Amino acid sequence: MSEIPHIKLSDLAREVRETIRINFPDTYWVVAEVSGHKFYPNNDRHYFELIEKEEGSNEPVAKVNARAWYEGSQTIKLFEQATGQIFTTGLQVLIKVKLEFHPAHGFALILVDIDQSFTLGNIEKQRRLVLKKLTDENPDAIILQGEEYITRNKKARLNIVVQHIAIIGSPNSEGYIDFTHTLENNQYGFKFKLDIYQSSVQGMAAEKELVAKLIDIHTSEKKYDCVVMIRGGGAKTDFLVFDTYQLSRATARFPIPIITGLGHHKDVSIVDMMANTSVKTPTKAAEFIIAHNRWFEEEVMKLQQNVIIRSQQLLKENLHEINLLHVNLINDTRSLVEINKESMRDFRHTLTNTTMQLLNDHGKELGNIANDIKTSVKIGISKQSQRLENTKENVQLVSNRLLKSHENKLVQYQLLLKLMDPQNLLKKGFAMVSKNGKITSNAGEIQPGDELTIHMHLYDIQTQVKSKEKNERD
């Protein structure tokens, strides 16, 4: 049996490596998407794949292993510093590579350089496409006026006082801690009710999570004053989720005012453009809410001060009139009491008689009502038992109300009689004059030399008239 011609695998691999070295000696600029990225800081190396996807699909049409050794790793650092973008999975890049085949590790592309402007331009292009799609597909909620986007969320009015707040973010992040600490330790002592809707704020799944949290807030039916969307600082790539279409659309159409504090000082995300209010950091978001409430408090305090000042002015302006009215009221009261003293006696007598007559009349009326009730009850027993119970309850209710009404009237008459009693008037400092044992209020019947008796509260005083003069008070 003859031996089949063959060579060693290592020899074949060396021939392949040599062929690649000879036929592909140059470097090449390649547009691709980074996938499966891993960085090993101990030896400063990056391992990843470069993939090309079919347009309009996630299916790759090409996939090649790639590496970045020390020189390439330094290039990546410079790229991240210049662009603010993290070199990681999902990033579209234009990179310079050279082909390398290692007998033990196989074929790979070695990163030599990165075009920084391509990545930034690609992100900006994607932003413009998202903004155009937002205005084209949501004309009822998003309108571009000049350089500003007028959205339904921007038109939502922030309540004059903000207390109940829904927070979207991570409760373990520095942004959340800064936001809540600033609110809880505000110098004015304002109190807030905070509900956290936990969500990741970066990565591939963050867009769906953030939109889902907005839906949860809306369907909770809680009366939130605003929604605060926060996150701490980070690389520029970490904020790409806030430039996505679905999250931006949900923000623009959301009926409750949204305040964004996403922790990026230089850039403005599309979500910032769509939201009611945009500030740079979570701390600034908390300070904005505190300042908003403080403005209302200051307005109330100003109004309170104006009311106090105006009240003092009115009191000072009308103090003289009040004092004069007080004096006139006392004098008029005394005159009325003196003039109507006799009428009050007659009224008391009439009131007593009327009260007795009313009591007799209403007593007879109650007796007649009671007889009618008894008769009605006897007639209805044999016919409708249930009707009897209803009638009994109605009769009791009417009787109680009528008795209560008459009792109230009696109390009122008794109080009036007591008020009209001359003894009560004497207790208040008034006096009565009698001549020959008869009470008189007619000064014409009294002549100098007459013997009079003055009746006061506890004493009767005997006196003699020395003179009589007419006063000028009439």
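I'd like the residue in the stretch 179-193 that is in contact (Cβ under 8 Å) with a residue 24 or more places away in the chain and part of a loop (DSSP other than H, G, I, E, B) and, out of all such residues, is nearest to residue 168 (Cα to Cα). Restricting to residues being in contact (Cβ under 8 Å) with a residue 24 or more places away in the chain and part of a loop (DSSP other than H, G, I, E, B), the top hit is 192.
Please find, among 214, 158, 144, the residue that is closer than 23 Å to residue 273 by Cβ, exposed (fewer than 15 other Cβ atoms within 10 Å of the Cβ) and in contact with a strand residue (DSSP E or B) (Cβ under 9 Å, 6 or more places away or on another chain).
Numbers: 214 fails: exposed (fewer than 15 other Cβ atoms within 10 Å of the Cβ); 158 fails: exposed (fewer than 15 other Cβ atoms within 10 Å of the Cβ).
Selected residue: 144, the only one of 214, 158, 144 that is closer than 23 Å to residue 273 by Cβ, exposed (fewer than 15 other Cβ atoms within 10 Å of the Cβ) and in contact with a strand residue (DSSP E or B) (Cβ under 9 Å, 6 or more places away or on another chain).
A Cβ distance below 7 Å, combined with a sequence gap of six or more or placement on separate chains, defines the contacts here; from the stretch 1-21, residues that are closer than 17 Å to residue 107 by Cβ reach residues that are of a type outside the set (Lys, Arg) and surrounded by 10 or more Cβ atoms within 10 Å (Cβ to Cβ) in the pairs 10/103; 13/103; 14/103; 16/101; 17/101; 17/103; 20/99; 20/101.
Listed here are the residues, each with its yes/no results for (1) farther than 19 Å from residue 334 by Cβ; (2) over 60 Å from the mean Cα position of the chain (by Cα).
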residue	(1), (2)
408	yes, no
414	yes, no
418	yes, no
425	no, yes
433	no, yes
438	yes, yes
443	no, yes
450	yes, yes
459	yes, yes
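With respect to being loosely packed, with under 13 Cβ neighbours inside 10 Å, outside the structural domain of residue 287 (by TED's automatic domain parsing) and in contact (Cβ under 8 Å) with a residue 40 or more places away in the chain, residue 121 falls outside the description.
Conditions first: (1) out of contact with any Phe, Trp or Tyr (no Cβ under 8 Å at 6 or more places or on another chain); (2) at negative phi. Residue 134 passes all but one, so which condition is the exception? Unmet condition: (1).
For the condition over 18 Å from residue 270 (Cβ atoms), modelled with pLDDT under 85 and either among the small types (Gly, Ala, Ser) or assigned by TED's automatic domain parsing to the domain that holds residue 248 (or both), what is the one hit in 108, 104?
Numbers: 108 fails: modelled with pLDDT under 85.
Of the residues listed, the single one that is over 18 Å from residue 270 (Cβ atoms), modelled with pLDDT under 85 and either among the small types (Gly, Ala, Ser) or assigned by TED's automatic domain parsing to the domain that holds residue 248 (or both) is 104.
Residues that are small (Gly, Ala, Ser), under 20 Å from residue 247 (Cβ atoms) and not assigned by TED's automatic domain parsing to the domain that holds residue 267: does the stretch 150-161 have at least one? Outline the logic, then answer.
Of all residues in the stretch 150-161, those small (Gly, Ala, Ser) come to 156.
If we keep only those that are under 20 Å from residue 247 (Cβ atoms) as well, we get 156.
Of the ones still in play, those that are also not assigned by TED's automatic domain parsing to the domain that holds residue 267 are none.
Looking through the stretch 150-161, none of the residues is small (Gly, Ala, Ser), under 20 Å from residue 247 (Cβ atoms) and not assigned by TED's automatic domain parsing to the domain that holds residue 267.
Would you confirm whether any residue within the stretch 37-57 is assigned to a strand (DSSP E or B) and either in the same structural domain as residue 206 (by TED's automatic domain parsing) or in contact with a Pro (Cβ under 6 Å, 6 or more places away or on another chain) (or both)? Yes, some residue in the stretch 37-57 is assigned to a strand (DSSP E or B) and either in the same structural domain as residue 206 (by TED's automatic domain parsing) or in contact with a Pro (Cβ under 6 Å, 6 or more places away or on another chain) (or both).
The values are calculated or read from the model by the stated rules, or taken from the named source; none is laboratory data. All values reported here derive from a predicted model rather than from experimental measurement. Heads up, the Cβs are rebuilt from the backbone with ideal geometry, glycines too, and the neighbour counts pull from every protein chain shown.
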